[in-house]
1. Between L198 and K398, what length in nm is gained on full extension when 0.36 nm per residue of separation is reduced by their alpha carbon distance?
2. Kindly put C73, C90, C206 in sequence by how many other C-beta atoms sit within 10 Å of each C-beta, fewest to most.
3. What lysines does K13 reach when the alpha-carbon gap must be under 29 Å and sequence neighbours fewer than 8 apart in one chain are set aside?
4. Ranking request for peptides 571-577, 134-140: highest mean number of other beta-carbon atoms within 10 Å first, then the rest in descending order.
5. For region 111-118, in order, what is each residue's ³J(HN,Hα) by Karplus, 6.51 cos²θ - 1.76 cosθ + 1.60 with θ = phi - 60°, in whole Hz (x at glycine and Pro)?
6. How high is the FRET efficiency between D294 and C90 when r is their beta carbon distance and R₀ equals 22 Å, given to the nearest 0.05?
7. If each residue's Cβ is checked for other Cβ atoms within 10 Å, how do D342, D405 rank with the fewest at the top?
8. Holding the Cα-Cα limit at 18 Å, pick out from K361/K530; K383/K427; K361/K395 the pairs that are longer than that.
Amino acid sequence: MRKGKGFIYNSIKGIHLMFQYELKVLLLQIFYSFLHGLSWAMQVMFTQRFFDSAQRLAQKKVNMTSTIMALFCMIGSYMFCQIMNGAANCHGNILSLAIAKHTNLSIFSHIDELDCIEFEDPGRLDYINKAQNGSENLVWVGLTLIDTVFFYFTYFAFMGMYLFTLKPILSISILAVFIPCLFSNIIQIKTFRNLENLSAPVRRECEYYEACASDVRETRLWGATNHFKKLFDSSLEKLNILILRAQMRKSVVSFLVDSLTVIGYGVILYMIFVLVLRQEITVGAFAAVLSSIDRIFSFMSEVISERIGWAAENVGALENYISFISEDTGDKSKKNTCGQADIVLRGVCFKYPTSKKYALKDVNLTIPKGQTLAIVGENGSGKSTLCRLLLGLYKPEKGQISIGDIPMKQVSNNNWSAIFQNYRRYKMTLKDNIAISDRKRKVGDTGLPDVCEKAGIVIDDGKFTEGMDTMLGREFDGAELSGGQWQRVAVARGIYRPYDFIVLDEPTSAIDPLEETRLYNEFVNICEGKTAVIVTHRLGSVRTADSIVVMKDGIVVEHGKHKELMERNGEYKRMYEMQSQWYT
């Protein structure tokens, strides 16, 4: 992760990305920026010409026509300036919208390449949050450098040469005022980079507590809204203190620099007044400089204190974005596609990033191809963690998992499927909710009704008024389903995908025991000839499995068929008898 590269480096990197994302749109913005800077410089030139022409007209050295032409040229320069100001600002917003699409996609693409275990690490979550926050600043930090070079520099270069031709000391005086402003921003860049690093975890806390306080169902039912509001206020206060300290330091530096600017402003006004009295510059030049001197300092303050100042505050966030999408995530390609083969675990150990305790310890297990394995155990025994390793979502810290004789890390999961307890409720049509599990397959009704029937979804029960095209979820004025109905949709989604290996991680927890039994019997038929792993806490549903694994504290304590485990009088029999009233 790169750090401390500074405003110029990160702005150039940002502009390089913008060139890659939207070349034509960015080039047009640069062109507008240059013309905008030139238009302000043209005002000075045509203002001098008009006043010089007016003076010569009073001296009867020119006629009225030439003076009127000079007036129209001056008015035209002002009109052109306003047109370019509007064009540059409007196109800047267009550029921002165009780039936002690419920054979002780059974030999503890189997140998709990360190992799932990284989302269990708070430090990585903070880093991702900072990268997402920084992606929003890419355009405006980049445009700050573009405007500095093509707008402000164009204007200042012209004015510098113009003032130098009048009196060299004038251009040197403006440069002397510019240097302290630049120095102040170097301090601000360091201050606000540190602010971004310190505020990211606190900002994520605020967002989480705000989401909890906004929950109109469970949080309100428990009367916990005020509790989360207090936690939100506390986190927000911490965030505000961090911001306040940085802003106070910025304000002190800005005050000192502004004081120097005011002194410089007064000195330059005095100098041009003396020059015109000595007749060393014309009245037109005096009027032009007098009308533009305020603009010079205004632009100087704008580019240094506001534009570069704002960019300095946010360049740390941009740096996080650039660093994040530039990370080397390693070779994620998995060239081998493995069909039916034994799944073998040898000495597998695993623990989560924030835990010192192993979630899985020395797991040795073979799942023969085409067989159904049931994994049972109490909550926290490691069942779901084992499933995530079997699906390749997590990598073992020790030991190895192989499919046949190929290590799992080299095997593509294109022909695997899963049904999770914590499934997604996609706010899409019923058809798309199911078909999303196999995007290579043409979305249509072929095969979907049969999948729905197997999952227990009754299309004509009045809930799905438009059949497979019924929108689900109230957010888009669709049908609201119960927890059990949503879970059936998740089951249908899992079995719609073509697979040789499927994991069912407590997929029926929101369904009543009778319906669960029906579904598990259906799974037996669906998974015939396929390798399947079923996780459940209801032991009455796993008696037909080819083999059963009993887990406790991350260890496989028993392994065998239902009858064998009952004869052992061990953990399985104890759990089975405790639940016997549910299914006898």
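Taken together, the values in this text are just the output of simple stated rules run on the coordinates, not laboratory data. The structure displayed is predicted, hence computed values, not measured ones. No Cβ is skipped: glycine too gets one built from the backbone with ideal geometry, and neighbour counts run over all protein chains shown.
1. Extra length from L198 to K398 when fully extended: 68.6 nm.
2. Neighbour counts put them in this order, fewest first: C90, C73, C206.
3. Partners within reach: K3, K5, K24, K101, K130, K190, K250, K332.
4. So the order, starting with the most tightly packed, is 134-140, 571-577.
5. So the Karplus estimates, Gly and Pro as x, are 4, 5, 8, 6, 5, 4, 5, 5 Hz.
6. Between D294 and C90 the formula returns 0.25.
7. D405, D342
8. Over 18 Å Cα-Cα: K361/K530; K383/K427.
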